[in-house]
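The structure under discussion appears below in the form of C-alpha cells.
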Amino acid sequence: MTASKHITFFAMVFALTFAGCKHNSPNVTFMPDMAYTPGIKAQAPGSMRMPVKGTVSREHQSYPYRDVLVAGRELKNPLASTAAILERGQKMYNTYCIVCHGAYGEGDGSVVPKYPRPPSLQSDKVRGYADGSIFHVVTMGQNLMPSYASQISADDRWATIHYVRALQRAKHPTAEDLKAAGQ
C-alpha cells in the first residue's frame, strides 16, 4: 500500500470511529430554566405561593350565616331520618365527636381529663336547638370546639345531627316514643 492509500484508509477509519459518537444533549439549550429547574425545598421561602387574589377552590361553598340563632331559623335538615342516614351519622359521630362528647353525648369523652368538659348534647339547651343551629356549630365551631367544615361534608353533618337527635330521644323519650315502644 502506498502512503496515500494509508492516509486515506486511516482517515476513513478515523471518520467512521467518530461518526458513531452521539451527543445526548443538543448544542444549544432553548429556555434552559425549563430544562434545568432549580430544586426548591418544601416550605422554603418562595416555594409556598399564595393563590391569586380572589381565587376560590372548586370544593368551596360559601356559608352566609354568622349567628347560631339565624342559622337555626333558616337552615333545615335536607336528609330524611332513615336507617342508612342514622348509620352514616353514627359513623361520623364515632369518628369526630365521641372523643369530646362521649358515647351518649354527655360531654364525657376520652379527652375530657385533659381539656375542659364540653357541653352535654343531652342538656335542655342543646336539645332545644334547631337542627340548623347544631349544623352551624359544627360548621363554624363554638368556644373551644373548632370548625369541622373541612373534615365533615355537609351531608355527613346533617346525618350526624340525625344521630345526635336519636341519642337525645333515647335518653329523653317523648310520649310517642314510649307508645311506639309499647310502654
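Just so it is clear, none of the values below were taken in a lab; they were calculated from the coordinates. The structure presented is a predicted model; accordingly, all values stated were derived computationally and were not measured. When we count neighbours, we look across all protein chains shown, and the Cβ atoms used for this are built from the backbone with ideal geometry, even at glycine.
Here is how the numbers come out for the structure above:
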{"quantity": "The stretch 85-183: relative contact order as a whole-number percent, Cα under 8 Å and 6+ apart", "calculated": "31 percent"}
{"quantity": "Shape of the stretch 61-117, Cα gyration tensor, a/c cut at 1.5", "calculated": "oblate"}
{"quantity": "Rounded to whole Hz, the Karplus (6.51, -1.76, 1.60) HN-Hα couplings of the stretch 65-81, x for glycine and proline", "calculated": "8, 10, 10, 5, 6, 5, 4, x, 6, 9, 8, 10, 5, x, 9, 7, 7"}
{"quantity": "Whichever lysines have a C-alpha closer than 29 Å to that of K114, once near sequence neighbours (fewer than 8 apart) are set aside", "calculated": "K91, K125, K171"}
{"quantity": "Size of charge dipole - the chain - debye, nearest 20, with Cβ of Lys, Arg +1 and Asp, Glu -1, no other charges", "calculated": "400 debye"}
{"quantity": "Prolate/oblate/rounded label for the stretch 68-173 (Cα gyration tensor, a/c 1.5)", "calculated": "rounded"}
{"quantity": "Length released on extending from T95 to K53, taking residue separation times 0.36 nm less the Cα-Cα span", "calculated": "11.6 nm"}
{"quantity": "Simple spin-label estimate for T2 and E87 in nanometres, 7 Å along Cα-Cβ", "calculated": "10.0 nm"}
{"quantity": "Computed FRET value (nearest 0.05) for A80 with L144, which takes r as the C-beta separation and R₀ as 35 Å", "calculated": "0.60"}
{"quantity": "Label point distance in nm, S110-S62, each placed 7 Å from Cα along Cα→Cβ", "calculated": "4.1 nm"}
{"quantity": "Kyte-Doolittle mean at least 1.0 and Cα axial length at least 20 Å: DSSP H helices in the chain", "calculated": "3-19"}
{"quantity": "Label assignment, Rg and Dmax of the Cα atoms in Å derived from the structure, set [x] 16.1, 47; [y] 24.8, 97; [z] 34.3, 124", "calculated": "[z]"}
